Amino acid sequence: MERLCLVFFNLAKVIFLYNNLVEITKTTKIKNHNMLKKDKLTSKKLGKKTIPRLFVSNFNYQEQQKQQKVLLDFGDFNYLINVLRLNIGNQVIIFNQNQGSFLAEIVAVYKKQLELQISKQVAKTQQQSNIVLAFALIKNVRLDYLASKATEIGVGYFQPLTTQRTVVADFNSEKFFANVKEATEQCGRNLLPTIEPLQKLSAFLTNKKPDDILLFCDETGLGKQATNILPDLQKKHQASKILVLIGPEGGFSSQERSLILQQENCFALNLGPRILRADTAIVVALALVQECLGDFHLPANFYAE
């Protein structure tokens, strides 16, 4: 009798859990449906375009040439055909490094290649940002994050550095470029940031031009608040470039710090009372610089193309 009661008890428990699971599933489906419906309405209201964007370096647009075609292979082919499941007739926006953005259509798909036909130019080449991110090498995972986020925020130049306390010896420029390319395609830029060769900190400081503004993100807390530095720089200095300098995980040595502060037009910037990881400090510093000296005053350009 006790065993029979136990069986019925367990059976009732299973039925109860099953009914709850069904109810949760129904509720989730309703929520997901409503969210999808809302997203569709929002996209329609904002005129959102879902045409994929690609950086393509192997074409030179000739305005006088009609039905100009571009051949894509390898990663771009795999992305468009196998990931996005595009086919003949679908449209793509492509851009190169000096001519702007172009609307193109897939006109042929081969085994490992596809052919695009350019329809028209949809945007001219954007002006390159004068913000240089000079950063000490950090671990690879965070380096990927750095490349993507700094590109999205609007860095014009990447300058990787080695310092006395740098723990990473090698800079994988190909992998870094791949992350920059992907972020550029995603965020609406049509001009890739320039990736400079790896340099020692001392060489970077030696090559600095006198009129360049050097914003030293000082981890010691002895720097000044951004609102006390950046607005004045906008009024007083017409710099060729704005150099944002971020150190390694262990910070700069006292010798390096002294050398940095001796530079002309160098300003020590405080990033707050908390200890920030190098990749976090980069995002914070770039956001402050873009707000006061960069292009954050411009309207959103999400749907221009």
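A few comments on the model shown:
- Ile93 being of a type outside the set (S, T, N, Q) and either over 30 Å from Cys266 (Cα atoms) or over 22 Å from the mean Cα position of the chain (by Cα) (or both): yes
- Residues that are part of a loop (DSSP other than H, G, I, E, B) and within 19 Å of Leu191 (Cα to Cα), drawn from the stretch 100-124: Gly100, Lys124
- Failed item in (1) under 23 Å from Ser173 (Cβ atoms); (2) modelled with pLDDT of 90 or more, with Asn98 passing the rest: (2)
- Number of positions in the stretch 248-304 that are in a loop (DSSP other than H, G, I, E, B) and at negative phi: 26
- Phe102 satisfies every condition listed in (1) without any contact (Cβ under 8 Å) to a residue 12 or more places away in the chain; (2) outside the structural domain of Cys217 (by TED's automatic domain parsing) except (1).
- Among the residues of the stretch 125-142, those that are modelled with pLDDT under 90 and either in a strand (DSSP E or B) or within 30 Å of Phe252 (Cα to Cα) (or both) comprise Ile138, Lys139, Asn140, Val141, Arg142.
- From the list Val180, Val141, Val155, the lone residue that is hydrophobic (A, V, I, L, M, F, W, C) and either surrounded by fewer than 14 Cβ atoms within 10 Å (Cβ to Cβ) or more than 15 Å from the chain's Cα centre (by Cα) (or both) is Val141.
- Taken together, Leu230, Leu192, Leu133, Leu146 contain a single residue that is over 30 Å from Tyr79 (Cβ atoms), in contact with a helix residue (DSSP H, G or I) (Cβ under 7 Å, 6 or more places away or on another chain) and touching a residue at least 60 places away in the same chain (Cβ under 8 Å), which is Leu230.
- The residue of the stretch 166-200 that is farthest from Ser148 (Cα to Cα), among those that are touching a Gly at 6+ places or on another chain (Cβ under 9 Å) and of a type in the set (A, V, I, L, M, F, W, C), is Val167.
The values are calculated or read from the model by the stated rules, or taken from the named source; none is laboratory data. Everything quoted here is computed from the prediction, not taken from an experiment. With ideal geometry, Cβ positions are generated from the backbone for all residues, glycine too; neighbour counts draw on all protein chains shown.
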